[in-house]
Structures are given as C-alpha cells and as structure tokens.
Amino acid sequence: MDIQEIYKIYRQHPVVTTDSRSCPAGSIFIALKGASFDGNRFAEAALQKGCSYAVVDEAEYAKAGDARFILVDDALVTYKELARAHRRRFGIPVIGITGTNGKTTSKELISAVLSEKFNVHATEANYNNDVGVPRTLLGIRPEHDIAVIEMGASHPGDIEKLVRYVEPTCGLITNVGRAHLQGFGSFEGVKRTKGELYDFLKAHGGLLFLNESNADLTEMAEQREFDRIVTYGQDSTADVQGQVVSCAPFLKFTWRALNTPQPSSNTYEVQTRLVGSYNLDNMLAAISVGLHFGVTAQQVNHALENYIPRNNRSQLTETAHNRLIVDAYNANPSSMSAAIENFRLMQVENKMAILGDMRELGEASGEEHQRVAGELEAAGIDDVWLVGEEFGKTQCAFRKFRDVEEVKAEIERRRPEGHYILIKGSNGIKLFELPALL
C-alpha cells in the first residue's frame, strides 16, 4: 500500500499512536522499533484495545486476510511519509528551529509571541527527533495559522532527514556548540549537520532568521549566499537589536527594530521571568519572528514579559530554604559556560553551584570537563559541588560526588540555607531530583 492510500485511511482515522498502551478508539497504530522493543509484537493487541488499523513492517505479524493490518517496508519511514503528506495539506508558514542550545526555549518564546495574533501549532516539550517530529506534524489542524517545529540532532545527517518531512518555509539555528561530539565527531560536524537547515531554506527560497552577533552562524549563512534574511543580535547593524540591562536574577533587556515590517525608533524595555543573560538571543529571535509576521511591539512585549519557563529550563524556584536556578535537563560545554558566566554576573549573594557531568563528548570529555572546572575557579562562586565520573577526574579543589545519591546524602547531612543555587548537568546525572531536597 503506497503512502497516499495510507493517508486516505488516516483522513478517516486522524489519530495515530505508537504506544500500544494508549489506543484510542478508531486510531492507527504504527509499529515502531527501538533498542529494546519491537512494536510489531504489539500490533494485534493494539487492534484489540481499540485501534482500527495497525501498520507493521514484519510479515509474520500481519494476519492474512485481515485488512486492518497494513504491511509496509519500514514503519518509521511510513510514519514520517504520512506526516509529510499531512503537512503538505496546509499552506501555512512553517518555522523550523534547530541548534545546540536554546532550541526548546526559543520555540516556546516564538510560539508565545506568535500566539498573540495567531492560532499556533508547536512542538510539545522537546519532541524533536525522528519520532517526535512526525507526531508534531500530524497534529496540524485546519484551524492552525502557523507551525513552529523544533528539530534535534546528535549525528551527521539528522537535520537533513528531518527537513525533508518538515519542509520549513523559514527558520533559524539558535547557535552551534560543542555538544554530542561523540556522535558528530567534531565541532565542524556539528556545524555541517545544523547547517542542513540552512541548505534546505536556501534551496527552497526560504526566509532565514539570523543571529548576526554569532560569528559561526554568520559565516554559515554567508557561505550559502541567502537572498532572504532577517537579522537580530547585539550589533548595531542588526534588523532587531537588543542589550542586557540586568540579571537580578531575572533577565531585563532593551530592544529596538529597524529594517522590519514595523520599523520604529522606539527602544523597548522588557522584564522577563527567565534567568540567564544567554536568553537574550532567544528573546531577540522571538521578536524578529513576531515582527516579521505582523505581531505588534506591544503584543511582543506582553508575550515575553508573561512567559514562564518550564521543564527545568532557566527556571528560578524559591523554596523554604533557597532560591534555585534549575537547568538540569541537559548540559554541554557551550551551555555550561553560558550558565557559569551568567551566574557570575548575577547580582545576588551566597552563590552555590551543583554541576553534573556533560555526556556524549567522546574523546573531548576530559578536556571539556577540565575547562569547565577552570571557568568555575575564575567565576568566584562561593561553594561548588561537582557530580559524576568525568568531573571526578578533573584537577580542582571543588567538592566532588560520585553520583546524585551521594549529593542527596550530603544535603541531608548539611542542608544549605539562604543560597542562590545553580543546578545544571546532563539529564542522565539526575540532578532534577535535587530541587525537592533543597
């Protein structure tokens, strides 16, 4: 059965599930495979639970004579092709976002700004991989005016594969940094892979939103000789310009727009609820996108001032004992450096940092963890706890813990009081378990 025939079935049954534990009546089950599971084995159970069809890619699981089983060569490819067929039904703008750091925050800020004027469909949480992106595309409905799609990558070619299905009409790369080096092989590998979004936009006449203050992104854009660009950044030549006013602890910044659909000589000041001077770029990206699509400056400011971060990203949480800056979802050398520098600049007292290992750095891991230790020494933070095997190998005077369980025991023994505490590390270190104890 070809994809157009499958899509006709989808039009009659417009709910897809890849989880046999969740089988809404009339839905389509797609049997995906993972490292430790094979969805084909659950196809019959999915039909019994309420699905109308099951897409499988192993013949032994397709019952002969039962039209509810749809046998394909590759269920994941079919899932993505189904999502692309659905995406092509809609002539709305589709904004593609990728980058090393700030993808999810930028996606949420852009969505918040655009929602002041439009019905926006956006990636939920950080469902930005081979499975999450099709899920997002299949969620587009006729009532949506615009879509904001986040795309992640950890290996060469990942973005090229995703843009084939997303088919963005415009987009941006938040930044490029030294993350997933074990998969990418090098920083140049990171740039090539993230740049695959630029390649698609250039080939299809798409619009690029470019952080002009980022030398790597500017170089990548110049190499492709874009015809359509909206720039933002801290440079006086950018279409949308911004500067940090303070971080005490929340980011306050000013911005103005020149060469945009709504040029203005006014300078606006925005008090956000986000921690981190590094979020200025994410704010300016959202402003640039919003202004391009006709959101007014007043609406932009309203959205940014009222955006509250979630999911352990640049959050400030006040407990009975401390104030916590929680950024425990992920960590890599560039995001760790930005967090440490922002913490250094924050105008608060009694600073403490609990930092966990940065994963997937391959051969560069030792060097990168040692560099972070040096940045911590230069930052002058009052009390630093380092968690994990890689930080344990560094040469420094900071306290070291084998894992989060050792940290929990020390918190129980000596509960910190009256501190601003930065908590950041790769998700696998499980520092997200600490806020409840602090």
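The values are calculated or read from the model by the stated rules, or taken from the named source; none is laboratory data. Bear in mind that the values here come from a model prediction, so they are computed numbers and not experimental data. FYI the Cβ positions are ideal-geometry reconstructions off the backbone, even for glycines, and counts take in every protein chain you see. In case anyone asks, the SASA skips ligands and DNA or RNA and just uses the protein heavy atoms, side chains included. Shrake-Rupley method; radii C 1.70, N 1.55, O 1.52, S 1.80 Å.
Quick notes
- Residue match in region 54-67 (condition: open to solvent by less than 70 Å² (accessible area, probe 1.4 Å) and closer than 30 Å to LEU217 by Cβ): no
- Sole exception among (1) open to solvent by 10 Å² or more (accessible area, probe 1.4 Å); (2) in contact with a helix residue (DSSP H, G or I) (Cβ under 7 Å, 6 or more places away or on another chain) for ILE70, by number: (1)
- Looking across region 1-23, the residues that are open to solvent by 60 Å² or more (accessible area, probe 1.4 Å) and not in a loop (DSSP other than H, G, I, E, B) come down to GLN4, GLU5, LYS8, ARG11, GLN12.
- Matching residues, region 131-156, being open to solvent by 10 Å² or more (accessible area, probe 1.4 Å) and over 14 Å from the mean Cα position of the chain (by Cα): VAL131, ARG135, LEU138, GLY139, ARG141, PRO142, GLU143, HIS144, ASP145, HIS155, PRO156
Here's the yes/no breakdown for (1) under 22 Å from ASP199 (Cβ atoms); (2) touching a strand residue (DSSP E or B) at 6+ places or on another chain (Cβ under 7 Å); (3) of a type in the set (Ser, Thr, Tyr):
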site: LEU114; (1), (2), (3): no, yes, no
site: VAL120; (1), (2), (3): no, yes, no
site: TYR127; (1), (2), (3): no, no, yes
site: ASP130; (1), (2), (3): yes, no, no
site: PRO142; (1), (2), (3): no, no, no
site: GLU160; (1), (2), (3): yes, no, no
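- Hits in region 398-413 (condition: under 15 Å from HIS369 (Cβ atoms) and either among the polar types (S, T, N, Q) or out of contact with any strand residue (DSSP E or B) (no Cβ under 6 Å at 6 or more places or on another chain) (or both)): ARG402
- Subset of region 215-230 that is within 17 Å of HIS204 (Cα to Cα) and open to solvent by 70 Å² or more (accessible area, probe 1.4 Å) - its residue that is modelled with the lowest pLDDT: ASP227
- Restricting region 91-112 to residues that are closer than 18 Å to LEU201 by Cα and part of a loop (DSSP other than H, G, I, E, B), the residue that is modelled with the lowest pLDDT: GLY99
- Every condition in (1) open to solvent by 40 Å² or more (accessible area, probe 1.4 Å); (2) under 19 Å from ILE429 (Cα atoms) is met by GLU349 except one, and the failing one is (2).
- Just one of (1) open to solvent by 10 Å² or more (accessible area, probe 1.4 Å); (2) touching a residue at least 60 places away in the same chain (Cβ under 8 Å); (3) of a type outside the set (Lys, Arg); (4) in contact with a Leu (Cβ under 7 Å, 6 or more places away or on another chain) fails for ALA339. It is (1).
- Tally of residues being farther than 21 Å from THR136 by Cβ and either of a type in the set (A, V, I, L, M, F, W, C) or within 31 Å of the chain's Cα centre (by Cα) (or both) across region 21-58: 14
- Of the residues making up region 157-176, those that are in a helix (DSSP H, G or I), crowded, with 22+ Cβ neighbours inside 10 Å and touching an Asp or Glu at 6+ places or on another chain (Cβ under 6 Å) number 1.
- Criterion applied to SER277, SER288 was being under 15 Å from ALA238 (Cα atoms) and of a type in the set (S, T, N, Q), and the one residue passing it is SER288.
- A residue that is within 26 Å of the chain's Cα centre (by Cα) and at pLDDT 90 or above can be found somewhere in region 404-418.
- Some residue of region 83-94 being surrounded by 17 or more Cβ atoms within 10 Å (Cβ to Cβ) and either on the phi > 0 side of the Ramachandran plot or in contact with a Lys or Arg (Cβ under 6 Å, 6 or more places away or on another chain) (or both): no
- Neighbours by Cβ (under 6 Å, 6+ apart or cross-chain): first from region 347-373, free of Cβ contacts under 8 Å to residues at least 40 places away in the same chain and among the hydrophobic types (A, V, I, L, M, F, W, C); second open to solvent by 20 Å² or more (accessible area, probe 1.4 Å) and in a loop (DSSP other than H, G, I, E, B): ALA373/CYS396
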